[in-house]
Amino acid sequence: MPHESRPIPILTAPTAAGKSALALAAARAAGAEIISADAFTVYRGLDIGTAKPDAAERTQVPHHLIDVADVTEPFDVARFVTLAEAAIRDVLARGRTPLVVGGTGFYLQGLMSGLPQTPPSDPQVRAQVEAELEARGLEALLAGIAATDPAEAARMERNPRRVVRAVEVYRRTGRYPGAFGRSEPAFTYAPIAFTRAPQELEARVHARTLEMFRRGWAPEAAWLADRLDPALEPRPTAWQTLGYREALAVARGTLGVPEAAAQITLATRQYAKRQLTFIRTQLRAPLLSPHEAARHLTRQLAR
């Protein structure tokens, strides 16, 4: 059983809803420390396109699990949970309150429900599936999963790495990863989720995207391409970050900023819908308004 009786607060929301600002204000007022649950702010050098908290914000409130990996490294949910639980223990041992903040659903699920207990990867079978992905495409592999387990196909969220892993495990065991159960979580959690009206959220995404380009997103994407080939398949983890391919196209002169911003806004809107579905169905957290979430979070941090 989890060994911490008082639930650890989690704040989550779709991309660009304003969770970082809300968390920063609440943590600063309560003297809490933030545990980041974001799949891409873990990477050193991906600062602008991931909306990473800046140095001033990290000076105001201690942040954990930011800049803990190089862009050439894979970073998965197991590594996240290991580091996040260690950070939570450290914060608690110093008599302070940890606040988990992020929108990466699989990372939050790993903390709250434990890690999937799937068998280790088989490099030979994995290589065969990766070759199939390149030859047949993502849709064909997803269709194969959906034919036998539609729920598992939906759980993949169209992520090529997860799809490859699911097919690999199925071919070896006759079961998908979701059928293997999960480990016991180290702590209990109290998730707080919020969102905004769709039109407001889309406007915020578009404005933030333009601001990112103004701050130098395109050169940052070019920097990433110099260190990690974006054409590799399956796509390296760092290149799965929303918008970096479009930002690279701007850097190379094949796409203008307005067109790139429109494409990124559309992709982000679609991703936000998936985030909201995950929050409702997997995290089972009611969706509040930003004001309600701030009030709930303040109460949680004061306990």
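Quick notes on this structure:
- Once all protein chains are placed together, Met112 keeps about 50 Å² accessible to a 1.4 angstrom probe.
- Over the chain, accessible surface divided per residue gives 46 Å², non-protein components excluded, 1.4 Å probe.
- Under 5 Å from the amide H of Asp149 lies no amide H of any residue 5 or more positions distant or on a separate chain, with H modelled from the backbone and absent for Pro and chain starts.
- The chain, accessible surface, carbon-and-sulfur percent (1.4 angstrom probe): 53 percent
- Of the labelled figures (i) -0.30, -1.20; (ii) -0.28, -1.34; (iii) -0.27, -1.48, only one reflects log10 I(q)/I(0) by the Debye sum over Cα atoms at q = 0.07, 0.16 Å⁻¹ as derived from the coordinates, namely (iii).
- Tyr170 contributes about 80 Å² of solvent-accessible surface, heavy atoms of the protein only, 1.4 Å probe.
- If you take the Cα centroid of the range 50-111 and the Cα centroid of the range 215-234, the two points sit 23 Å apart.
- Length released on extending from Gln263 to Leu287, taking residue separation times 0.36 nm less the Cα-Cα span: 6.0 nm
- Amide H to amide H, with H built 1.01 Å from N, His64 comes under 5 Å of Ile34, Ile35, Ser36, counting only residues 5 or more places away or on other chains.
- At R0 = 25 Å, FRET efficiency that the Cβ-Cβ distance of Ala55 and Arg79 yields, to 0.05: 0.50
- For the chain, the relative contact order works out to 29 percent when only alpha carbon pairs closer than 8 Å and six or more residues apart are counted.
- Each residue of the range 153-158 was assigned a 3J(HN,Hα) from its phi angle through the Karplus curve 6.51 cos²θ - 1.76 cosθ + 1.60 (θ = phi - 60°); the sequence is 4, 5, 5, 5, 6, 6 Hz, with glycine and proline shown as x.
- The length gained by stretching the chain between Thr148 and Ala179 to full extension, at 0.36 nm per residue less their Cα-Cα distance, is 9.9 nm.
- Theoretical ellipticity at 222 nm over the chain - DSSP helices of four or more residues, -39500 (n - 2.57) apiece, nearest 500: -16500 deg cm²/dmol
The values are calculated or read from the model by the stated rules, or taken from the named source; none is laboratory data. Please read these numbers as outputs of a predicted model, since none were measured by experiment. For neighbour counting, all protein chains shown are included, and Cβ atoms are generated from backbone atoms with ideal geometry for every residue, glycine included. The area values use the complete protein model at the heavy-atom level, side chains included, leaving out ligands, DNA and RNA. Shrake-Rupley method; radii C 1.70, N 1.55, O 1.52, S 1.80 Å.
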